[in-house]
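The values are calculated or read from the model by the stated rules, or taken from the named source; none is laboratory data. What you see is a predicted model; the values in this text were computed from it and never measured. A quick note on method: Cβ atoms are made from the backbone with ideal geometry, for glycine too, and the neighbour counts reach across all protein chains shown.
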Amino acid sequence: MLKLDLIQTVAFAGLVLFLGYGLRRWIKPLDRFNIPAPVIGGLVISLIVLIFHQYQITPVQFDTTLRDPLMIAFFTTIGFAASLSLLKVGGPQVLIFFLLATVMVVFQNLLGIVMSLPFGLNPLIGVICGSVTQTGGPATALAFGPVFEQAGVQAATTVGVAAAIFGIISGGLLGGPVGTFLIEKNKLKKLRTKELEATEIKAKEVVEGLLTRKAEASAEDEERSAFVLLKSVVIILVAMWIGSWVSKWFASLGITLPAYIGAMLVAAIIRNFDDLTGLLKLDQKVIDDLGHVALNLFLVIALMTLKLWELAGLFLPILVILAAQVAMVTLVAQVVFRLMGKDYEAAVMSAGFCGFALGTTANAMANMKAIVERYGRAPRAFLVVPIVGAFFIDFTNALIITVFLNILK
């Protein structure tokens, strides 16, 4: 058996990550359904391990010491993205869409719990097949998996990854038809040219301004760029440090939660403090890039060590629960359409809603892109959906999952 130490494991994970990028480029359906590259690469390795397991062979042993720090680092960057000023600038539609998505998270968990009972399953399995994996995606599934296993749910991580992949594929398949149905049924027309241009200008200003928060320093100032990068790394580490104390305090109260919650809360406080004072001058784009690196490596390391053989016997119940989730998202998308204005933009937002309520923000953007390529631009939808899907719903989803976990454990 080959034993890899900490550095070797991370290096191997990097190679597996680029294997995933290559496979997604070569196998078009993987790209069409926005299957993340680290998920593709990590699952290839776990499938190879599964084959060896059938012959009772363990080909390699990984050192997963850095897995949890990378996971915490990623969710800390999610906390830094939770800027209340985005809700304010995005207008009432962003707030309405955010509230709809948050209510959907609660419904997903309630539906999962109810559907798990006839099968005699632990109701926490329903939560895993609810917002943990459908709104949360693979990253949330892998982050919460060990916590659910500690609460008595066997194979929680493996079930979570399987459910997350099902959700990504379902969200990619569902969004386009739902959006098209709403447009055709209601005979919706595109915005008038002047209105479209005005909305597009506003969307561009918000996305380029608050959403990316680029540094004012010139691009050629390498020393300044290095300083911004260093400052971002240090602030993330400080948030993780203080967050560990917050998590220990919650644990002392008997509250079960994943390790990253404390750091994510601290990061959100720091972000909004900086929005008010401007003292830290945080660069959200740099922070997001660092989070992307941490997420990719975390996903690969976690997936490489996945025990796929644990899914035996759970396939049918999980499939039934997930089918019910897809049906509910389809129905709720009609409510989203009505509450967001019953116009063309609302139909595009409904398609995007299906994408991230069952998969990832990438699914949402792909669904909306497919709609606008056929019917015309929808700048308001491309402003509202990414703000909620990429900046806020992961934050509230984690808190809601934690509440359900502590009630049902």
Conditions first: (1) modelled with pLDDT of 55 or more; (2) of a type in the set (S, T, N, Q); (3) assigned to a loop (DSSP other than H, G, I, E, B). Ser232 passes all but one, so which condition is the exception? (3)
Go through (1) among the acidic types (Asp, Glu); (2) out of contact with any Ser or Thr (no Cβ under 6 Å at 6 or more places or on another chain); (3) closer than 20 Å to Gln150 by Cβ and name the single condition Glu310 misses. (2)
Residues located in the range 242-284, provided they are under 25 Å from the mean Cα position of the chain (by Cα), modelled with pLDDT of 90 or more and hydroxyl-bearing (Ser, Thr, Tyr): Ser244, Ser247
Identify the single condition in (1) among the aliphatic types (A, V, I, L, M); (2) in contact (Cβ under 8 Å) with a residue 24 or more places away in the chain; (3) out of contact with any Pro (no Cβ under 9 Å at 6 or more places or on another chain) that Ala398 does not satisfy, given that it satisfies every other one. (3)
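When the range 270-292 is examined, which residues are found to be of a type in the set (A, V, I, L, M), without any contact (Cβ under 8 Å) to a residue 12 or more places away in the chain and in a helix (DSSP H, G or I)?
Keep residues of the range 270-292 that are of a type in the set (A, V, I, L, M), which gives 270, 276, 279-280, 282, 286-287, 290.
Now restrict to residues that are without any contact (Cβ under 8 Å) to a residue 12 or more places away in the chain: 276, 279.
Once the filter is applied, which keeps residues that are of a type in the set (A, V, I, L, M), without any contact (Cβ under 8 Å) to a residue 12 or more places away in the chain and in a helix (DSSP H, G or I), the range 270-292 yields only Leu276.
Matching residues to (1) under 14 Å from Ile168 (Cα atoms); (2) among the charged types (D, E, K, R); (3) part of a helix (DSSP H, G or I):
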| residue | (1), (2), (3) |
| --- | --- |
| Ala347 | no, no, yes |
| Gly355 | yes, no, yes |
| Arg374 | no, yes, yes |
| Ala381 | no, no, yes |
| Val385 | no, no, yes |
| Val388 | no, no, yes |
| Asp394 | no, yes, yes |
If a residue counts only when it is among the hydrophobic types (A, V, I, L, M, F, W, C) and surrounded by fewer than 23 Cβ atoms within 10 Å (Cβ to Cβ), which helices (runs of 4 or more DSSP H) contained entirely in the range 17-92 have at least 3 such residues? 37-54, 84-90
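Does Ile78 satisfy the criteria of being in contact with a Pro (Cβ under 6 Å, 6 or more places away or on another chain), among the hydrophobic types (A, V, I, L, M, F, W, C) and under 28 Å from Ala333 (Cβ atoms)? Give the steps one after another, and end with the answer.
Working: in contact with a Pro (Cβ under 6 Å, 6 or more places away or on another chain): no; among the hydrophobic types (A, V, I, L, M, F, W, C): yes; under 28 Å from Ala333 (Cβ atoms): yes.
No; evaluated as a whole, the condition is false for this residue.
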Being farther than 20 Å from Leu66 by Cβ, surrounded by 18 or more Cβ atoms within 10 Å (Cβ to Cβ) and of a type in the set (A, V, I, L, M): is that true of Leu257 here? yes
So, in the range 293-327, exactly how many residues are more than 18 Å from Leu43 (Cα to Cα) and β-branched (Val, Ile, Thr)? 5
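Please determine, by comparing only the residues of the range 246-265 that are free of Cβ contacts under 8 Å to residues at least 24 places away in the same chain and outside any helix (DSSP H, G or I), which one is farthest from Ile401 (Cα to Cα). Talk me through it step by step, then tell me what you get.
First, the residues of the range 246-265 that are free of Cβ contacts under 8 Å to residues at least 24 places away in the same chain: 246-254, 262.
Add one more test, that the residue is outside any helix (DSSP H, G or I), and what stays is 253-254.
Values: Leu253: 18, Gly254: 16 Å.
Here the answer is Leu253.
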Pair list, Cβ under 6 Å, 6 or more apart: the range 31-59 residue more than 14 Å from Leu311 (Cα to Cα), other residue part of a loop (DSSP other than H, G, I, E, B): Phe52/Pro59; Thr58/Met1
Of everything in the range 95-111 that's at pLDDT 95 or above and more than 19 Å from the chain's Cα centre (by Cα), which residue is surrounded by the fewest Cβ atoms within 10 Å (Cβ to Cβ)? Leu110
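If you check Arg338 against the conditions, is it of a type in the set (Lys, Arg) and crowded, with 24+ Cβ neighbours inside 10 Å? Walk me through how you get there before you give the answer.
Values: of a type in the set (Lys, Arg): yes; crowded, with 24+ Cβ neighbours inside 10 Å: no.
Taking the combined requirement at face value, the residue does not satisfy it.
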Working only within the range 270-292, note down all residues that are closer than 15 Å to Leu86 by Cβ, touching a helix residue (DSSP H, G or I) at 6+ places or on another chain (Cβ under 7 Å) and of a type in the set (A, V, I, L, M, F, W, C). Leu282, Ile287
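Against the definition (surrounded by 15 or more Cβ atoms within 10 Å (Cβ to Cβ), small (Gly, Ala, Ser) and at pLDDT 95 or above), how does Ala239 come out, yes or no? Spell out how you get there, then give the answer.
Values: surrounded by 15 or more Cβ atoms within 10 Å (Cβ to Cβ): yes; small (Gly, Ala, Ser): yes; at pLDDT 95 or above: yes.
Considered against the rule, which asks whether it is surrounded by 15 or more Cβ atoms within 10 Å (Cβ to Cβ), small (Gly, Ala, Ser) and at pLDDT 95 or above, Ala239 comes out as yes.
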Within the range 149-182, restricting attention to residues that are in a helix (DSSP H, G or I), of a type in the set (Gly, Ala, Ser) and over 12 Å from Phe33 (Cβ atoms), which residue is farthest from the chain's Cα centre (by Cα)? Gly179
Residue under evaluation Asp343, criteria (1) under 30 Å from Ala267 (Cα atoms); (2) acidic (Asp, Glu); (3) at pLDDT 90 or above, criterion not met: (1)
